[in-house]
Amino acid sequence: MMSLAAARIRVSNWLFDHALPLWAEKGVDAQGRFFEQLHFDGRPVTGVRRRTRVQARQIYVFCEAAALGWEQGRAPALAGLDCMISTFRRDDGLWVAATDDAGAVIDETPDLYDMAFVLFALAASHRVLGDPRARPLALETVTAINLMMASPHGGWEEGLPPRLPRRQNPHMHMLEAMLAWQATAPDPVFEAAAQVSLDLCRRHFLIDGAIREYFTDDWMVDPSEGHVIEPGHLQEWAWLLKQAGDLGPGAGVAEGLHRRAVAQGRCDGFTIREIDPSGAPLDAGRRLWAQTEAIRTGLSFGDASTPALIAKVFDTHLATDVPGLWVDSYDAEGRSHDEAVPASSLYHLMTAFSELLRHKP
């Protein structure tokens, strides 16, 4: 079995020698904006919408790379930040959803999931780049979200206009962003927004020891999709609740979510897409992001199986002809139908791999 020390070397080589140089060269256009996808030969995919969430995630990735010592990450992080601020901001303090390849806005919808990642990227830009725009923009964005997107039933709307079903996922990422801000530049505004998501978790998301995904307008379990549980999100919530410390519902809840994901959400060692409340698989396929969440959370709980999962990810998801790319998804039979490599997965890889590189046994 691969040791954690060996896993750290393998991860470092893949990240700094292959993935980051490739995405810094091929994953960025001449204006400094990030492409959504690369072909499996490393060429950028054009003609698809450029989502705000992906721009923000890539800013975080290159900021974190610089924080880990890969100084080449500063230039694409700053260029991406400049483009995101100049192109994706709305006049009302919210952010648009997407542009085209030329940078023209094609979807002005303010989306909570997108803005959670804008806030997360701004936190990384403040922490690593020391950018003076980051904190004022973050405070302005949270204030605008509270003013225009607050729901009468608690939390925030998914977007404007409101849509159903409501999901826990955007609120989870708002918590992630607020905890990132609290760790680098605390403010009562950030703490209060974090508490909104934590309160929703306590009162509505957490049911019988698992996180549900889909809800009605007033946070009742959605009648058609409310039974869905995603083991990857159990791991993600476990990590965030552990980071929240005294703000959250307690370490026991975090560990319970992690153990539930390990016990019921794995098949052949991988974390699967969906289970039902009994633990039976609803979708036994898998995506890369769920494996990275299992790695990160497994490291934080000292799971002995984590090096084996890292090895399995390298032998499958990361075993591409061009090093530094990945296969994002496999179906329940272990077949992938991916036609391109989504940039969005690099954020998940970075969160897990940075945890490993900083991990002290």
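The values are calculated or read from the model by the stated rules, or taken from the named source; none is laboratory data. On a predicted model such as this, the values are computed, not experimentally measured, just so you know. Neighbour counts run over all protein chains shown; Cβ positions are idealised from the backbone, glycine included. For accessibility, only protein heavy atoms count, side chains too; no ligands or nucleic acids. Shrake-Rupley method; radii C 1.70, N 1.55, O 1.52, S 1.80 Å.
For the range 88-104, how many residues meet the condition of being over 21 Å from W181 (Cβ atoms), more than 18 Å from the chain's Cα centre (by Cα) and open to solvent by less than 30 Å² (accessible area, probe 1.4 Å)? Residues that pass the stated criteria total 3. Need the failing condition index for G209 against (1) of a type in the set (G, A, S); (2) surrounded by 14 or more Cβ atoms within 10 Å (Cβ to Cβ); (3) over 27 Å from T109 (Cα atoms), just the number. G209 satisfies every listed condition except (2). Filtering the range 181-191 to residues that are touching a residue at least 40 places away in the same chain (Cβ under 8 Å), part of a helix (DSSP H, G or I) and farther than 13 Å from G245 by Cα leaves W181, T184, V189, F190. Under the condition of being open to solvent by 10 Å² or more (accessible area, probe 1.4 Å), over 25 Å from H126 (Cα atoms) and either among the basic types (K, R) or assigned to a strand (DSSP E or B) (or both), the residues counted in the range 30-64 number 4. When A251 is tested against (1) open to solvent by 40 Å² or more (accessible area, probe 1.4 Å); (2) of a type in the set (A, V, I, L, M); (3) touching a residue at least 40 places away in the same chain (Cβ under 8 Å), only condition (3) is not met.
Filtered by the rule that a residue be part of a loop (DSSP other than H, G, I, E, B) and either touching a residue at least 12 places away in the same chain (Cβ under 8 Å) or on the phi > 0 side of the Ramachandran plot (or both), the range 152-178 gives H153, G154, G155, E157, E158, L160, P162, L164, P165, Q168.
Scan the range 52-87 for residues that are among the hydroxyl-bearing types (S, T, Y) and either at positive phi or over 20 Å from the mean Cα position of the chain (by Cα) (or both) and jot them down. Even if it seems obvious, please write down each step before you answer.
Going residue by residue through the range 52-87, those that are among the hydroxyl-bearing types (S, T, Y) are 52, 60, 86-87.
Result: S86, T87.
Within the range 68-91, is there a residue that is within 24 Å of P162 (Cα to Cα), free of Cβ contacts under 8 Å to residues at least 24 places away in the same chain and of a type outside the set (D, E, K, R)? No, the range 68-91 has no match at all.
If you filter the range 250-278 down to residues that are more than 22 Å from the chain's Cα centre (by Cα) and farther than 24 Å from H317 by Cβ, you find that the one that is modelled with the lowest pLDDT is G250. Can you tell me which of D187, D107, D199, D111 is surrounded by fewer than 22 Cβ atoms within 10 Å (Cβ to Cβ), touching a strand residue (DSSP E or B) at 6+ places or on another chain (Cβ under 8 Å) and charged (D, E, K, R)? None of the other options fit; the residue is D107. Residue pairs whose Cβ atoms lie under 7 Å apart, separated by 6 or more positions or on different chains, with the first residue in the range 15-29 and crowded, with 18+ Cβ neighbours inside 10 Å and the second among the polar types (S, T, N, Q), are A24/Q72.
For R296, are the conditions met, namely being assigned to a helix (DSSP H, G or I) and more than 19 Å from A352 (Cβ to Cβ)?
The answer is no for R296.
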